[in-house]
1. Which condition number in (1) without any contact (Cβ under 8 Å) to a residue 60 or more places away in the chain; (2) assigned to a loop (DSSP other than H, G, I, E, B) is the one that Ile13 fails?
2. Pick out the one residue from Ala50, Ala42 that is open to solvent by less than 60 Å² (accessible area, probe 1.4 Å), within 18 Å of Ser102 (Cβ to Cβ), among the small types (Gly, Ala, Ser) and in contact with a helix residue (DSSP H, G or I) (Cβ under 8 Å, 6 or more places away or on another chain).
3. Name the residue, out of Val53, Val117, that is assigned to a helix (DSSP H, G or I), among the hydrophobic types (A, V, I, L, M, F, W, C) and closer than 23 Å to Val20 by Cβ.
4. In this structure, does Lys108 turn out to be out of contact with any helix residue (DSSP H, G or I) (no Cβ under 9 Å at 6 or more places or on another chain), more than 19 Å from Ala9 (Cα to Cα) and charged (D, E, K, R)?
5. Quick one: how many residues across region 102-122 are within 11 Å of Ile34 (Cα to Cα) and open to solvent by 70 Å² or more (accessible area, probe 1.4 Å)?
6. Going by what's in this entry, would Thr74 be described as free of Cβ contacts under 8 Å to residues at least 60 places away in the same chain, crowded, with 16+ Cβ neighbours inside 10 Å and not in a helix (DSSP H, G or I)?
7. Six or more apart or on different chains, Cβ atoms under 7 Å: show the pairs whose first residue is in region 103-116 and at positive phi and touching a residue at least 12 places away in the same chain (Cβ under 8 Å) and whose second is assigned to a loop (DSSP other than H, G, I, E, B) and of a type outside the set (Lys, Arg).
Amino acid sequence: MEIVHTDRAPAAIGPYSQAVTVGGLLFTSGQIPIDPVTGVIAGETIETQAEQVMKNLAAVLTAAGTGFEKAVKTTCFLADMGDFAAFNEIYGKYFISKPARSCMEVAKLPKGVLCEVEVIAQL
């Protein structure tokens, strides 16, 4: 197992890694819409926050030597399922290979953000 870290994505908030690789796969931790440069949550809309989540995921995927096209499974967490269509628009621009996905509304997300996404990808 190898730990993946990049300064181009937010540092872990707790005792976990941004991602790990094992058996030819990358497992990312959930990425939330924190701008890694400022440490501030990016925007207040689902669109702005989803874009930042995708930028953070891109940084982690790149650091591991893979990309969105190698994603095999995603798990998406939304604070409000009413944001599903708008979130889907942003998500669809990045995950064009259409990996398997679960998407659910949750009671709360870290720091009160609107969305969080984790990915399993081939290396």
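The values are calculated or read from the model by the stated rules, or taken from the named source; none is laboratory data. Since the model is a prediction, treat every value here as computed from it, not as a measurement. Note that we place each Cβ from the backbone using ideal geometry, even for glycine, and neighbour counts take in every protein chain shown. All accessible areas refer to the heavy atoms of the entire protein, side chains included, with ligands and DNA or RNA removed. Shrake-Rupley method; radii C 1.70, N 1.55, O 1.52, S 1.80 Å.
1. Exception for Ile13: condition (1).
2. Ala50
3. Val53 is the lone residue from the list that is assigned to a helix (DSSP H, G or I), among the hydrophobic types (A, V, I, L, M, F, W, C) and closer than 23 Å to Val20 by Cβ.
4. So Lys108 passes the test.
5. 1
6. Answer is yes for this residue.
7. Within 7 Å, the pairs are Lys111/Ile32.
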